[in-house]
Amino acid sequence: MEPTRDSRVLVVGAGQAAGELAGALRAGGHEGHVTLVGSEPHFPYTRPPLSKAYLRGEVAIAELYLRPADFYRDHDITVHRGVAVEWVDLHGRRAGCDDGSVLDWDRIVFATGGRPRRVADPGLESAGNVHYVRTIEDVERLRRTTIAGSRFAVVGGGYVGLEVAAVLRRLDARVTVIEAADRLLARVTSPVVSEFFLRVHTQEGVDVRLSAQVELFQVEDGNVSTVVLGDGSRIPVDQVLIGIGMVPNDEVAARAGLDVDNGIVVDEFCRTGTAGVYAIGDVARHPDPLNGGLRRLESMPNAAAQARLVAEDILGRGRPYNDLPWFWSDQYDVKLQAAGSSAGYDTVAVRGDAMSGRRFSVFYLRDGVVRAVDAICSPADFAAGKALIASSAVVPLSDLQDPSVPLRRRRSFTSEAS
Ligand SMILES: Cc1cc2nc3c(=O)[nH]c(=O)nc-3n(C[C@H](O)[C@H](O)[C@H](O)COP(=O)(O)OP(=O)(O)OC[C@H]3O[C@@H](n4cnc5c(N)ncnc54)[C@H](O)[C@@H]3O)c2cc1C
């Protein structure tokens, strides 16, 4: 499909990726209509603070918004808020919304993100004290509860669950984290980092239960009163937070006939198999240049980068997506910054004191090449790690392990690999 500066671009969703895309289109000189349709009642906002500063009550709603409302008016970007796209006709190039409106488009971008994975327990759906954290409203509902002194069960020891647990502890709640795997963050990091976060949360007063299956949420008077685990232990609770991952919102795309498989399948340009139809952000399943195959990334930098990429494609300057994946997590005074892909690593190099301190880095290598880094309160190692990964550096293990050996100056030892 030929790029045109005046094509009508319809974006399904009005979250992080959609907001970035609209801004990038106008910044790049796109002159046609840009319309965002989002099912939430907000202008595009950023979610990372939801489980951090916004939950702590330290930032206002306005600070979550990517841009003030005036921006969209001033740049002639239409944002339909509180409206969901229900169907998309790929051949007729139209989309129907739940308010009855039908929109025409020349290019359509699915930026529909995901929703929290729910526990398959009908009793839980109607319980009044069960929470998820995906939207501003979710956090406001959580903040309306009495937090100090209350007993919270956090089901799921992934990043969102642990970040919320950390904030709840800072607000003086009593917190139990229930994780089915035998370590925290098992899906996303190595045992050494899992051990570290277990130590930190335990030191901060969280009761962490590993290899713990929830057998039953006991509901009394419309609220979960006790979480019963598989080993028979009973955890009395005042509130329950479920943080067991995300499900991509790919149903509208699937009904339209697009290739959907745990997300909307796209190529390295974020294009689907139909000309003029794209998917970006959490919902997009795209080629993985690091490991082959397809991957779906749930991170803010990925959403922003893919948005910029598609804006450029629409403007006729398309390039393949091969940005290094990265993200961060804040828990207590600990900032984790992670980059690259540790999948299939064969060697781990720990730089600094992972056993008792709160500042160290872990480098992941495959066949001697640095593939990923997890930096704990070590921004310099994070920056150096990203450069090493980008250049497929081969670094002597002893250098990586020795904090007194500067990594920045050693970028040039990118010799044998790549
Ligand atoms: C609590 C929390 C903390 C996070 N912390 C971090 C972090 O520290 N670092 C990091 O890198 N990432 C973090 N993330 C992930 C990051 O926020 C996401 O990767 C990012 O928001 C993805 O952007 P997106 O636009 O793809 O999806 P979203 O931001 O989810 O936006 C999708 C929008 O589309 C709407 N929508 C869905 N279907 C339709 C439809 N049919 N019609 C209209 N609208 C629709 C949805 O309601 C939603 O508003 C966090 C996420 C959460 C929830």
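The values are calculated or read from the model by the stated rules, or taken from the named source; none is laboratory data. Bear in mind that the values here come from a model prediction, so they are computed numbers and not experimental data. All Cβ positions, even for glycine, are placed from backbone atoms using ideal geometry, and neighbour counts span all protein chains on display. Note: areas computed on protein heavy atoms with side chains; ligands, DNA, RNA excluded. Shrake-Rupley method; radii C 1.70, N 1.55, O 1.52, S 1.80 Å.
For this structure, a couple of remarks:
- Residue within the range 69-83 that is among the small types (Gly, Ala, Ser) and within 15 Å of the ligand (Cβ to nearest atom) present: yes
- Filtered residue count, the range 355-409, keeping only those that are assigned to a loop (DSSP other than H, G, I, E, B), open to solvent by less than 20 Å² (accessible area, probe 1.4 Å), more than 25 Å from GLU204 (Cβ to Cβ) and not β-branched (Val, Ile, Thr): 2
- For the range 292-305, a residue qualifies if it is within 8 Å of the ligand (Cβ to nearest atom) and closer than 20 Å to VAL260 by Cβ, and the qualifying residues are LEU297, GLU298, ASN302, ALA303.
- If the condition is being surrounded by fewer than 21 Cβ atoms within 10 Å (Cβ to Cβ) and touching a Pro at 6+ places or on another chain (Cβ under 7 Å), then the range 263-308 contributes ASP267, GLU268, PHE269, LEU294, SER299, MET300.
- Within the range 342-354, being closer than 16 Å to SER404 by Cα and open to solvent by 50 Å² or more (accessible area, probe 1.4 Å) holds for one residue alone: ASP353.
- The criterion of at least 1 residues that are in contact with a helix residue (DSSP H, G or I) (Cβ under 8 Å, 6 or more places away or on another chain), touching a residue at least 40 places away in the same chain (Cβ under 8 Å) and outside the structural domain of GLN337 (by TED's automatic domain parsing) is met by the following strands (runs of 3 or more DSSP E) wholly inside the range 197-237: 207-209, 214-220, 223-229.
- Of everything in the range 30-65 that is under 18 Å from the mean Cα position of the chain (by Cα) and without any contact (Cβ under 8 Å) to a residue 24 or more places away in the chain, the residue that is farthest from the ligand (Cβ to nearest atom) is TYR65.
- Among the residues examined, GLY276 does not qualify as in contact with a strand residue (DSSP E or B) (Cβ under 7 Å, 6 or more places away or on another chain), within 30 Å of LEU407 (Cα to Cα) and not polar (S, T, N, Q).
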